[in-house]
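All remarks here apply to the structure that follows.
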Amino acid sequence: MFYCRENELNKLNKRYAGGQFECMVIYGRRRVGKTALISEFCKDKPTVFFSALDSTEQENLETLSRAIAAYERPGALSFPWFGSYEDALDEISRLSEEKRIVFVIDEYPYLAKAKPSISSILQHLIDHRWSSSKLFVILCGSSMSFMENQVLGHESPLYGRRSGQFKIEALNYRETAVFHPELADEDNALIYGITGGVPHYINKLGVRGSVDDALLENLFDRSGYLFEEPENLLKQELREPAVYNSVIKAIAEGASRLNEIATRTGLETGPCAKYIRVLTELGIVKKETPITEKPGKKTIYLLADNFFRFWYRFVPQNIIAVNSGRIGKVYEQAVKAQLSDYMGLTFETMSRQYLLYYAEELPISLTDLGQWWGNDPQNRCQVQIDIVGCPAEGNEYIIGSCKYKKEKVGTDELELLKEYSRAFGKGSRYHYYIFSKNGFTEGLSEAGKKGMVTLVTLRDMYR
């Protein structure tokens, strides 16, 4: 089934219907659904689909030859090889004179690695032959730094040759729920917390009823696909997976500042910063600074990828039980009892997505949304605000709190928000929001009715 990429698909189809030459760049982290989007777009369209290999120049040329032959002679047992990339691409040019075709180069960074001159070759073709044709070219890649710098960047031979680009992101929490509309909101929230909205992981988790059963079968089992996914992904993307693994593990265990991560891993801060930068480019790690402040001493590092965060939180500490096949006996205490605590950060992300995409009406126009932390000089302590929404103009802010607990949230949380807003101290007026998994006490509900605070439950977020 194809889910949740209708907007991108419609835009691609509109471009295709225009009949003009197009060079579309589609990129995003691995497993996010780029190839699925392209495959859906190419349905019922004449297509040469070339998926590049992390291999030699010659093997990639043979693969390109095979892709062209699959279009020209579907089902043929033998076909000619092209002697050069120029010859193969000349054939693409000739085919595009006959009819409008789609030419896909999937995993373009692999091809550029094997054939460094390929971008210059494509630039020459676009400038001198393809721009006046009806060819529809798609360049797709999972290496975001390569695609942004070597394809979209101003130093690339292809700079200015694209006609459009799509950066494919993971699905948000409500889009993730489309895969399992029959499940309860709490289960869909948990699936988002485990998979981070990555379609490949949602499918491989394979929930057919109970999320617990799916985890035991497909993640907490040595034969399960998801059990080795982080290790396989690191090996596929990186030269020193063991070092990167130690960096991710340090962040997962609570080290958030560069010097803390370096100390935990035994690395010097310089090399450690380089490893963190690479993990950030892969979308596994993210850098955060208190909203409204510039990067500096307060900058911290967190795991941006929910699947990595879940895996490193629960698999290593239970590896003996997994390897011995006894995880089912300890699952309730070792995993399930800790899920509400784990979901705290996920719920904050969901709440921000709700404000950005789904809230019917907001008191201010948002230009930025994030979290803030800093000193409370009055109480001489550190405070953290889960949600701070910055205005497009004026001096009014949204200040929010997120609680993913069994207990209902009471008026003390509103008073705490007011106290924290004083420590934040940047606004003249604050609009308070409280998000709760299981609702609110009668007193806080009454404050909500009086307009003192906006109250949002998990049910409201999915409604």
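The values are calculated or read from the model by the stated rules, or taken from the named source; none is laboratory data. Quick caveat, the model's predicted, so the values are computed rather than measured. Note: ideal-geometry Cβ built from the backbone for every residue, glycine included; neighbour counts use all protein chains shown.
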Q: Residues that are small (Gly, Ala, Ser): find the helices (runs of 4 or more DSSP H) completely inside the stretch 158-277 holding 3 or more of those.
A: 241-252
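A quick yes/no check of all residues on (1) under 29 Å from the mean Cα position of the chain (by Cα); (2) over 24 Å from ASP127 (Cα atoms); (3) without any contact (Cβ under 8 Å) to a residue 40 or more places away in the chain:
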| position | (1), (2), (3) |
| --- | --- |
| ALA17 | no, no, yes |
| GLY28 | yes, yes, no |
| ARG66 | no, yes, yes |
| GLU91 | no, no, yes |
Q. Within the stretch 222-275, can you find the residues that are crowded, with 18+ Cβ neighbours inside 10 Å and among the charged types (D, E, K, R)?
A. GLU229, GLU237
**Q.** Selected residue (criterion: nearest to LEU366 (Cα to Cα)) from residues of the stretch 445-459 that are part of a helix (DSSP H, G or I) and touching a helix residue (DSSP H, G or I) at 6+ places or on another chain (Cβ under 8 Å)
**A.** LEU458
Q) Within the stretch 270-300, how many residues turn out to be of a type in the set (Gly, Ala, Ser) and in contact with a Leu (Cβ under 8 Å, 6 or more places away or on another chain)? A) 1
(Q) Suppose the filter is assigned to a helix (DSSP H, G or I), surrounded by 13 or more Cβ atoms within 10 Å (Cβ to Cβ), aromatic (Phe, Trp, Tyr) and in contact with a Cys (Cβ under 6 Å, 6 or more places away or on another chain); does PHE347 pass it? (A) yes
Q. Out of curiosity, is GLY83 over 20 Å from THR35 (Cβ atoms) and not charged (D, E, K, R)?
A. yes
Q.
What pairs come out if I take residues in the stretch 135-156 that are over 21 Å from GLU8 (Cα atoms) and pair them with residues that are small (Gly, Ala, Ser) and surrounded by fewer than 18 Cβ atoms within 10 Å (Cβ to Cβ) whose C-beta lies under 9 Å away, six or more apart or interchain?
A. HIS154/GLY160
Q. Can you pull out the residues in the stretch 134-188 that are surrounded by fewer than 18 Cβ atoms within 10 Å (Cβ to Cβ) and aromatic (Phe, Trp, Tyr)?
A. TYR159
Q) How many of the residues making up the stretch 237-250 are within 26 Å of GLY141 (Cβ to Cβ) and touching a residue at least 40 places away in the same chain (Cβ under 8 Å)? A) 3
Q: Filter the stretch 383-427 down to residues that are polar (S, T, N, Q) and out of contact with any Asp or Glu (no Cβ under 7 Å at 6 or more places or on another chain) and give me whichever is farthest from THR367 (Cα to Cα).
A: THR411
Q. Among the strands (runs of 3 or more DSSP E) contained in the stretch 366-444, which hold 3 or more residues that are crowded, with 21+ Cβ neighbours inside 10 Å?
A. 381-391, 396-403, 429-436
Q.
SER436 - would you say it is polar (S, T, N, Q), in contact with a Cys (Cβ under 9 Å, 6 or more places away or on another chain) and modelled with pLDDT of 95 or more?
A. yes
Q | the stretch 276-327, residues that are of a type in the set (Ser, Thr, Tyr) and either surrounded by 14 or more Cβ atoms within 10 Å (Cβ to Cβ) or touching a residue at least 40 places away in the same chain (Cβ under 8 Å) (or both) | A | THR280, THR289, THR292, THR299, TYR301, TYR312
Q) Within the set of pairs 6 or more residues apart or between chains, which connect a residue that is under 12 Å from ARG309 (Cα atoms) inside the stretch 335-349 to a residue that is loosely packed, with under 15 Cβ neighbours inside 10 Å and aliphatic (A, V, I, L, M) with Cβ atoms less than 6 Å apart? A) none
